[in-house]
Structures are given as C-alpha cells and as structure tokens.
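Heads up: the structure comes next, in structure tokens.
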Amino acid sequence: MPVPAEYQRASDDFYKYLVDARDIAGLWSTHVTYTMTQGVFQTFRRRLSTEDAIAFANVLPICLRALFVADWDTNEPQKSFEDREQMMREVKSLRGEHNFSTETAIRDVAAALRRHVDEKAFDRVLAKLPEGALDFWQI
C-alpha cells in the first residue's frame, strides 16, 4: 500500500493552515501563529477527557493532530468550559513573553481550522463532546 496522500502532503498542508490563520488573525508571522494555535489547542484540550481529545484529534489534519497532542500532561486536572475571556487568558499564558495571540485567537484559529478539516466530520465529533465544545469552535 502506498503512503497515504495526507502524510505525503502533511508539511505543505500545515503551512497552508498557518498562512490562513496568520492572515485571518492579521498577524505578521507563521511562527507567532504557531504559538497562537498551540495555545488554543491546549486550552481546548484541557477541557476534554483523553478519550474525547483523541476523538477530536482524529478529525484534524496530520500536523495539526500532532500539535494538538504535543506536550500533553495527561495527569492535568480536566477543566470546565468557561467564558471566552477566561479561556483567552489561558491561550495567552502559553509562553507569555513570546505570545502575541490576538484578542480573538480562539475565533481566528476556528475560522482557519474549519478551512482545513472535513467540517461535517468536525461538527459531528464536536456534537459528541462536553457542553461548550461546539461553542468553543464557532466563528
């Protein structure tokens, strides 16, 4: 069996996502966009069980899936979905001195991410996750 196309194109697809997210957020660098995306992913992941997080990760493109699970402390207590302002503070706390996430980072990442996933599969998974998950990814 040949290597699946999504693995062959993984780096190119990841960079396309970073450019989309950068442009949506009005940022100046894909490096800054990477940190913003990682902060949003970690904030969301902290509100899921391991089983739910894996289900969510499985609808992401390969490199975004890897970013979603990278540096995961599976012993960290699960949080509840809070108001957007509180979760945005959490996004910005990742590498605080070098985090230039926008005030709308969650929405910006959601808008870019939705361009790079199968939206029907994405929404189907979100509908099975805890209350607040679907709202988190609304644009």
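The values are calculated or read from the model by the stated rules, or taken from the named source; none is laboratory data. None of the values given here were measured: they were computed from a predicted structure. Glycine gets a Cβ as well: all are built from the backbone with ideal geometry, and neighbour counts include every protein chain shown. Calculation scope for accessible area: heavy atoms of the full protein, side chains included, ligands and nucleic acids excluded. Shrake-Rupley method; radii C 1.70, N 1.55, O 1.52, S 1.80 Å.
Just a few scattered comments:
- Given (1) closer than 26 Å to residue 19 by Cβ; (2) assigned to a loop (DSSP other than H, G, I, E, B); (3) more than 14 Å from the chain's Cα centre (by Cα); (4) not charged (D, E, K, R), index of the condition residue 121 fails: (2)
- Residue 24 touching a helix residue (DSSP H, G or I) at 6+ places or on another chain (Cβ under 6 Å) and open to solvent by 40 Å² or more (accessible area, probe 1.4 Å): yes
- Whichever residue in segment 94-123 is over 17 Å from residue 64 (Cα atoms) and either open to solvent by less than 10 Å² (accessible area, probe 1.4 Å) or of a type in the set (S, T, N, Q) (or both) and, among such residues, is modelled with the highest pLDDT: 104
- All positions within segment 56-71 that are modelled with pLDDT of 95 or more, open to solvent by 40 Å² or more (accessible area, probe 1.4 Å) and over 18 Å from residue 111 (Cα atoms): 58, 66, 69
- Positions within segment 66-88 being assigned to a loop (DSSP other than H, G, I, E, B) and more than 14 Å from the chain's Cα centre (by Cα), in sequence order: 73, 74, 75, 76, 77, 78, 79, 80, 81, 82, 83
- One residue alone among 24, 106 is assigned to a helix (DSSP H, G or I) and over 22 Å from residue 130 (Cα atoms), and that residue is 24.
- Restricting attention to segment 42-56, the residues being in contact (Cβ under 8 Å) with a residue 40 or more places away in the chain, closer than 19 Å to residue 89 by Cβ and part of a helix (DSSP H, G or I) number 3.
- Of 59, 32, all but one fail to be in a helix (DSSP H, G or I) and in contact (Cβ under 8 Å) with a residue 24 or more places away in the chain; the exception is 32.
- Index of the failed condition, residue 91 passing every other in (1) open to solvent by 20 Å² or more (accessible area, probe 1.4 Å); (2) in contact with a helix residue (DSSP H, G or I) (Cβ under 7 Å, 6 or more places away or on another chain); (3) within 24 Å of residue 26 (Cα to Cα); (4) assigned to a helix (DSSP H, G or I): (1)
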